[in-house]
Amino acid sequence: MTANATLPTFGRSLPLVFAAASVRLLVPLIVLPLMAVRVGSAEFGRLGFILVWSGLLSLMVECGFLASATRLVVLADAPQRRLIAQRVFTARCVMSLTVVPLAFAAVLWAQPGASPAPVAEAAGIAALACALGWPANWYLQGRHLLARWARVELVAYGLFIALCFVFAHSVVAYVALQWALSSVLAITGWCWLRLDVVDAADRPEPRMRLWAPAELMPGLRLGLTMLPVSLAGAAYSFALPASASHHLPKAELGAYFMADRWVRALLSAADPVFSVVYPRIVALFETGARAALRYAARWAVAGVLAGGLVLMTGALAWPHLAALAAERFANLDLPRLRTVLAVLGWLLPLLLGWKFIGYWMLGSGRFDNAYRHCAMAGGVVGVAGALFLVQGSGAVGLAWVAIAAEGVVIVTALIGIALTLGVGVRRRAR
């Protein structure tokens with residue numbers, strides 16, 4: 001039986017996953033505006049600084065395994081999955097140590113002398129980065145368990161939102177609640193992973209040991225091949241505002257962070273589709289690269305159309321949404337938000353279309369070099385633009401840098417695909 005034959009249907013996979021994504025969508029659309037009103041623009045900029053840097057440093061802990069380990073899990077048997085889990089766990093334990101000095105360096109570099117409590121801020125960034133980087137979604141996605149996992153997320157995020165309304169009246173309270181949520185999800189996910197591996201094993205092991213020092217170097221090699229891709233890819237979301245935080249005023253940083261979170265929330269609404277489609281792309285490579293490409297291309301066209309529709313709907317609905325927000329969230333700078341959103345909104349059709357082709361490249365394994373190069377090229381453009389090109393243009397300039405970086409990614413990837421295919425043709429000709 002092929003791996004493709006065992007895939008769950010969309011009808012069973014998507015409803016619960018979409019429900020969980022809808023609850024997650026409430027965090028940037030409702031909770032973050034609420035925090036902006038409660039703490040004011042300066043403190044919200046500080047919260048954005050903490051969340052941006054913790055999200056960026058969490059990629060060091062995640063270590064690229066969502067890209068590199070997921071595709072291995074799709075076709076692995078129980079003993080192989082056990083070995084992959086040990087490698088990921090051991091490597092992440094070591095990589096978690098790297099975020100502590102990096103968090104302190106980020107605070108000292110980005111806000112020299114400006115933070116009222118630099119030690120507490122750096123500690124909060126490091127703790128939250130570890131919690132955000134530890135989830136076992138790479139395994140759950142590869143094993144097609146995200147639909148069942150969505151029930152856990154529904155409860156966890158629902159409780160998180162309710163607690164934010166009651167207790168999140170300061171930056172410290174919100175960060176603590178976010179850390180608690182992420183930690184619970186990470187611990188629960190790894191417990192689920194252990195149960196799944198043990199249940200599927202031919203000889204069940206009552207105690208599966210995840211810490212395996214002998215697997216550290218293989219685990220690091222597995223993750224570090226895609227870590228540069230993850231870090232570079234974060235340029236469009238985390239690295240841009242993190243780099244710009246050195247010179248961007250707090251109000252501008254807060255405006256960009258708010259607009260970016262809204263756009264990313266809309267993009268994350270499509271994550272259930274990506275999480276279900278990607279294993280299918282990997283499985284279709286058993287049939288052939290062209291079959292996988294045709295499948296990915298159909299989804300890419302649908303993604304571009306869906307992103308364009310959302311963009312147009314948002315533009316038409318903005319006057320009504322702005323009027324409602326003006327009544328509920330008086331502290332929001334709506335004109336500035338509107339200007340930034342008008343630029344960042346173009347990420348919707350770009351990313352909702354392009355990510356399917358990116359997953360095709362990643363699922364093949366043949367285009368790993370091209371995938372790395374395109375993500376790194378976009379990351380260089382994004383970080384360089386944030387550091388040197390937006391000092392006088394503020395949040396709007398930073399939004400244009402994000403669009404330019406994504407354009408560089410797409411163009412570089414297409415060139416890489418063409419070069420890789422050309423090399424293959426020449427080799428066969430010989």
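The values are calculated or read from the model by the stated rules, or taken from the named source; none is laboratory data. From a predicted model like this one, the values you see are computed outputs, not experimental measurements. Every residue, glycine as well, gets a Cβ built from its backbone with ideal geometry; the counts of neighbours run over all protein chains shown. All accessible areas refer to the heavy atoms of the entire protein, side chains included, with ligands and DNA or RNA removed. Shrake-Rupley method; radii C 1.70, N 1.55, O 1.52, S 1.80 Å.
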Next item on the list: Please work out which residue is farthest from ALA110 (Cα to Cα), limiting yourself to the range 23-35 and to residues that are open to solvent by 10 Å² or more (accessible area, probe 1.4 Å) and hydrophobic (A, V, I, L, M, F, W, C).
Entry: VAL23
Next item on the list: Select from the range 161-180 the residues that are in a helix (DSSP H, G or I) and over 13 Å from GLY124 (Cβ atoms) and write down the one among them that is most open to solvent (accessible area, probe 1.4 Å).
Entry: PHE167
Notebook entry, point to check: With respect to the numbered conditions (1) open to solvent by less than 30 Å² (accessible area, probe 1.4 Å); (2) at pLDDT below 85; (3) in a helix (DSSP H, G or I), which one is the sole condition not fulfilled by PRO15?
Noted result: (1)
Notebook entry, point to check: Can you find a residue in the range 410-426 that is part of a helix (DSSP H, G or I), within 23 Å of PRO249 (Cβ to Cβ) and either modelled with pLDDT of 75 or more or open to solvent by 10 Å² or more (accessible area, probe 1.4 Å) (or both)?
Noted result: no
Margin query: For the range 195-215, give me each residue that is open to solvent by 40 Å² or more (accessible area, probe 1.4 Å) and modelled with pLDDT of 90 or more.
Written below: TRP211, PRO213, ALA214
Item checked: Tally of residues being closer than 30 Å to ARG46 by Cα and either among the aliphatic types (A, V, I, L, M) or open to solvent by less than 20 Å² (accessible area, probe 1.4 Å) (or both) across the range 258-304 -> 9
Item checked: Qualifying positions in the range 348-390 - out of contact with any helix residue (DSSP H, G or I) (no Cβ under 6 Å at 6 or more places or on another chain) and outside any helix (DSSP H, G or I) -> GLY365, ARG366, LEU389
Checklist line | Yes/no for ARG280 being outside any helix (DSSP H, G or I), on the phi < 0 side of the Ramachandran plot, in contact with a helix residue (DSSP H, G or I) (Cβ under 9 Å, 6 or more places away or on another chain) and of a type in the set (D, E, K, R) | finding: no
Next item on the list: Would you mention how many residues in the range 136-153 are open to solvent by 10 Å² or more (accessible area, probe 1.4 Å) and under 21 Å from CYS63 (Cα atoms)?
Entry: 4
Note to self: Restricting to the range 269-300, and then to whatever is closer than 24 Å to LEU350 by Cβ and of a type in the set (Ser, Thr, Tyr), can you tell me which residue is modelled with the highest pLDDT?
What the structure shows: TYR295
Next item on the list: Could you run through the range 39-90 and say how many residues are of a type in the set (S, T, N, Q), at pLDDT 85 or above and surrounded by fewer than 22 Cβ atoms within 10 Å (Cβ to Cβ)?
Entry: 2
Checklist line | Long-range neighbours under 6 Å by Cβ, at least six apart or interchain, first residue farther than 27 Å from TRP354 by Cβ within the range 301-326, second assigned to a helix (DSSP H, G or I) and open to solvent by less than 50 Å² (accessible area, probe 1.4 Å) | finding: ALA322/LEU334
